[in-house]
Amino acid sequence: MGRYFSGLSIENIAILGAGNGGCAAAADLTLRGFQVRLFSRSESTTVKLGKLGEIELVEAGVSKKAAPFFLSPHLPPVVHGVDLIVVTTPAVGHEYLAKGIANHLTDGQKILLNPGHTGGALHFANLLRHSGCKADVQLCETVTLTYICRMPQFGRVEVYRRTTNLRCAAFPGKHTASLVPEIQPVFPNIVPAANVMETGFANINAIMHPAGILGNAGWIENSGGDFLYYREGITPAIGAWIDAVDLERLEIVRRLGLPPQRFVDIFHQAGLTTAEARDSGSAYQAIHNSEANFTIKAPPSLDHRYIREDVGYGLVPMAEVGKLLGVKTPVMDSLITLASTALAVDFRLEGLTLAKMGLEGVSTDQFAAILVDGF
């Protein structure tokens, strides 16, 4: 049963990723009348979801249940013939997905990275073209997830808030003006951004998570994350680290010719903090007044997406673009070094480099043209 209303071009949707965001999207869109196919790389996840029969979505104290049209651990039948493919996996999963769908895409399909993290659309497009994709598809990304949510138990997703003013840009950027209105009936809270650097450099997780998890490394390792990550873990000193990361990010944004919006402004626009906290200009105040994050606990270990994703696919591409533009990033670089040491992973090699984004050897003028016209 698809959403068959006159004028709507998107009726059938594939959700790639059955984590918090993927299950929230699958349940919400199914309840709203779209025909949803859900992919998980883990066969045990799809089997367990199949046995449950439904995903429970809890929002504002109201519980609703929805059964997606199709579940599978195999990509081809999930993406075949759908209008829109929504990628909700962590950025570390983008390479597997792009290579897996490259030869199964057809002309006219749309791909939304929800979110794109930093440089995600460039990376995904670069992977598609080097994996033999011949289809004429359109690609775009959002700043963050559509739903601020957690899955306290398997098959049950609690949505704390829907992200508001969610910026979305196409790659190439020349398609944003036509593509965003097509996706807005699916995700009404998205708004157009100038290009995928505006979305990528508004990556609030990359700005705040690395400082938070590394600053609390001892507490996390000793307690298994048994404390409130945002309310208790983000202290004034860690807030100052976040502010310092933000200053470096803002200088890169200025060099890109984009509006230099502070972390606190982005956080407030997303509906995640109060106007008073925004006006303080302090990341510490903004995070401590984030009602949507009040009850969220810390990660159980340092080996978590707050490092693997938010350093490797957040701070690393930010610092890489900074180098391309001649901007020094000493605080970002320090956090990357600490994260690499803590996990014994060289994130400067394993993370999202200029080469992986298709930008190695590119001049600043060429970079500006690529953002508009593509590779």
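Can you tell me how many residues in region 341-364 are touching a residue at least 24 places away in the same chain (Cβ under 8 Å) and either in a helix (DSSP H, G or I) or not hydrophobic (A, V, I, L, M, F, W, C) (or both)?
10
Could you run through region 225-241 and say how many residues are of a type in the set (Ser, Thr, Tyr) and either open to solvent by 50 Å² or more (accessible area, probe 1.4 Å) or in contact with a Pro (Cβ under 7 Å, 6 or more places away or on another chain) (or both)?
Adding up the residues that qualify gives 1.
Would a scan of region 83-91 turn up a residue that is crowded, with 18+ Cβ neighbours inside 10 Å, over 21 Å from the mean Cα position of the chain (by Cα) and not polar (S, T, N, Q)?
no
Going by the conditions given, is GLU158 of a type in the set (Asp, Glu), within 22 Å of ASN195 (Cβ to Cβ) and in contact (Cβ under 8 Å) with a residue 40 or more places away in the chain?
Considered against the rule, which asks whether it is of a type in the set (Asp, Glu), within 22 Å of ASN195 (Cβ to Cβ) and in contact (Cβ under 8 Å) with a residue 40 or more places away in the chain, GLU158 comes out as no.
Restricting to region 98-129, name every residue that is closer than 20 Å to GLN366 by Cα and not in a loop (DSSP other than H, G, I, E, B).
Passing the criteria: GLY120, ALA121, LEU122, HIS123, PHE124, ALA125, ASN126, LEU127, ARG129.
Just to check your reading of the model, which residue among ALA319, ALA355, ALA342 is within 20 Å of VAL143 (Cβ to Cβ) and of a type outside the set (D, E, K, R)?
ALA319
With respect to ALA277, is the statement that it is out of contact with any strand residue (DSSP E or B) (no Cβ under 7 Å at 6 or more places or on another chain), free of Cβ contacts under 8 Å to residues at least 40 places away in the same chain and not hydroxyl-bearing (Ser, Thr, Tyr) true?
Judged against the criteria, ALA277 is a match.
Taking the condition of being open to solvent by less than 10 Å² (accessible area, probe 1.4 Å) and either over 14 Å from CYS133 (Cα atoms) or among the hydroxyl-bearing types (Ser, Thr, Tyr) (or both), how many residues in region 92-114 meet it?
4
Within region 39-83, can you find the residues that are closer than 21 Å to GLU158 by Cα and among the aliphatic types (A, V, I, L, M)?
LEU49, LEU52, ILE55, LEU57, VAL58, ALA60, VAL62, ALA66, ALA67, LEU71
Would you call ALA244 over 29 Å from ASP373 (Cβ atoms), over 23 Å from the mean Cα position of the chain (by Cα) and open to solvent by 10 Å² or more (accessible area, probe 1.4 Å)?
Taking the combined requirement at face value, the residue does not satisfy it.
Would you point out which residue out of VAL264, VAL316, VAL321, VAL253 is part of a helix (DSSP H, G or I), touching a Leu at 6+ places or on another chain (Cβ under 7 Å), within 28 Å of MET357 (Cα to Cα) and open to solvent by less than 50 Å² (accessible area, probe 1.4 Å)?
VAL316
Quick test of your reading of the structure: ALA91 fulfils all but one of (1) under 29 Å from ILE204 (Cβ atoms); (2) at pLDDT 95 or above; (3) touching a His at 6+ places or on another chain (Cβ under 7 Å). Name the failing condition by number.
With respect to (1) under 29 Å from ILE204 (Cβ atoms); (2) at pLDDT 95 or above; (3) touching a His at 6+ places or on another chain (Cβ under 7 Å), ALA91 is out only on (2).
Checking GLU276 against (1) closer than 27 Å to PHE171 by Cβ; (2) open to solvent by 50 Å² or more (accessible area, probe 1.4 Å); (3) among the acidic types (Asp, Glu), which single condition isn't satisfied?
It is condition (1) that GLU276 fails.
Among the residues of region 324-335, which ones are of a type outside the set (Ser, Thr, Tyr), part of a helix (DSSP H, G or I) and out of contact with any Gly (no Cβ under 8 Å at 6 or more places or on another chain)?
Correct list: LEU324, LEU325, PRO330, VAL331, ASP333, LEU335.
How many residues does region 34-80 hold that are in a loop (DSSP other than H, G, I, E, B), surrounded by fewer than 14 Cβ atoms within 10 Å (Cβ to Cβ) and either of a type in the set (Ser, Thr, Tyr) or at pLDDT below 95 (or both)?
The total comes to 4.
The values are calculated or read from the model by the stated rules, or taken from the named source; none is laboratory data. Note that the coordinates shown come from a computational prediction; the quantities given were computed from them, not determined experimentally. Cβ: placed from backbone, ideal geometry, glycine included. Neighbour counts: every protein chain shown. What goes into the accessible areas is simple: the full protein's heavy atoms, side chains included, and nothing from ligands, DNA or RNA. Shrake-Rupley method; radii C 1.70, N 1.55, O 1.52, S 1.80 Å.
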